[in-house]
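Undergrad: Right, I'll just put the structure down here and ask away after.
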Amino acid sequence: MRRIPYLCLGFMLVAALGVASAIDIDPSKTTVPRSAWDSGGNRFSIFNGDPKRIQRANAVDTSSFETKLEVSPNPLSLRTVKAAGPNPSIKVTFSVRNHAKKTYTLSFPTAQRWDFRIINAAGAVIYAYTDDHEFIQTVGTSMVNQGDKLAYTESVDFGDMNEPLTPGIYKIEAVMANYPEMKAQMQLTVED
């Protein structure tokens, strides 16, 4: 029982001496022994690695991704949709699936992850997702493992379009933000 106070006193004395003898050391290559930062030979180390090799390892092979675009309802009956409710809309879903055997990290300069637009038969854009939304200017990433997919869905109210939908064929194009090679398109058939 008497040992406990002496043991505590001993630990406090060692701690006090350790703090008193602490010195400020500059952790540069000139003050740290070479063996601490140089792995030697051809072994890889983040401290002596080739920056181009690191960049290649982090590169995204966009051909490893399968893109898919879905619109519902399609075909779209204007009469049925308008009768269903006061704010008719269509749902657009864009997904990308990693079919490679490695995990990829997708990087984005803002909070925006995707974009899409609806184009009429004359080639005019009647709706653009980015015109309707603001994005936080924050860098972000998304990790996509083998077989995983990222999916984004948005409902577009008819009132948000630049012109009313009329019977005909429309084209919808979607693209992954910061990765223009990851894109998909499809036709939307609008019936009376």
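The values are calculated or read from the model by the stated rules, or taken from the named source; none is laboratory data. Note that this is a predicted model, so its numbers are computed, not measured. Cβ placement follows ideal geometry from the backbone for every residue including glycine, while neighbour counts extend to all protein chains displayed. These accessible areas exclude ligands, DNA and RNA; they are computed on the full protein's heavy atoms, side chains included. Shrake-Rupley method; radii C 1.70, N 1.55, O 1.52, S 1.80 Å.
Undergrad: Which of the residues that make up the range 155-176 are of a type in the set (A, V, I, L, M) and out of contact with any Lys or Arg (no Cβ under 6 Å at 6 or more places or on another chain)?
TA: Here is the first cut: in the range 155-176, the ones of a type in the set (A, V, I, L, M) are 156, 161, 165, 169, 172, 174-176.
V156, M161, L165, I169, I172, A174, M176, listed by residue number.
Undergrad: Looking at (1) touching a residue at least 12 places away in the same chain (Cβ under 8 Å); (2) closer than 27 Å to D157 by Cα, which is the one condition that is false for E134?
TA: (1)
Undergrad: Would you mind telling me which numbered condition in (1) touching a residue at least 40 places away in the same chain (Cβ under 8 Å); (2) under 22 Å from Q185 (Cα atoms); (3) of a type outside the set (K, R); (4) open to solvent by 30 Å² or more (accessible area, probe 1.4 Å) S95 fails?
TA: Of the numbered conditions (1) touching a residue at least 40 places away in the same chain (Cβ under 8 Å); (2) under 22 Å from Q185 (Cα atoms); (3) of a type outside the set (K, R); (4) open to solvent by 30 Å² or more (accessible area, probe 1.4 Å), the odd one out for S95 is (4).
Undergrad: I'd like the residue in the range 108-131 that is open to solvent by 50 Å² or more (accessible area, probe 1.4 Å) and part of a strand (DSSP E or B) and, out of all such residues, is nearest to M176 (Cα to Cα).
TA: Ranking the candidates gives R117 first.
Undergrad: Give just the number: which of (1) at pLDDT 90 or above; (2) outside any strand (DSSP E or B); (3) open to solvent by less than 50 Å² (accessible area, probe 1.4 Å) does Q137 not satisfy?
TA: If we test Q137 against (1) at pLDDT 90 or above; (2) outside any strand (DSSP E or B); (3) open to solvent by less than 50 Å² (accessible area, probe 1.4 Å), just (3) comes out false.
Undergrad: On to the next question. Only one of K171, K102, K183, K149 is in contact (Cβ under 8 Å) with a residue 60 or more places away in the chain and open to solvent by 50 Å² or more (accessible area, probe 1.4 Å). Can you tell me which? Break it down stepwise before answering.
TA: On the way: K171 fails: in contact (Cβ under 8 Å) with a residue 60 or more places away in the chain; K102 fails: in contact (Cβ under 8 Å) with a residue 60 or more places away in the chain; K149 fails: in contact (Cβ under 8 Å) with a residue 60 or more places away in the chain.
Only one candidate passes the filter, namely K183.
Undergrad: Also: Yes or no: L188 within 23 Å of the chain's Cα centre (by Cα), more than 14 Å from T67 (Cα to Cα) and either outside any loop (DSSP other than H, G, I, E, B) or modelled with pLDDT of 95 or more (or both)? If you could, list the steps in order and put the result at the bottom.
TA: Details: within 23 Å of the chain's Cα centre (by Cα): no; more than 14 Å from T67 (Cα to Cα): yes; either outside any loop (DSSP other than H, G, I, E, B) or modelled with pLDDT of 95 or more (or both): yes.
Against the criterion (within 23 Å of the chain's Cα centre (by Cα), more than 14 Å from T67 (Cα to Cα) and either outside any loop (DSSP other than H, G, I, E, B) or modelled with pLDDT of 95 or more (or both)), L188 does not qualify.
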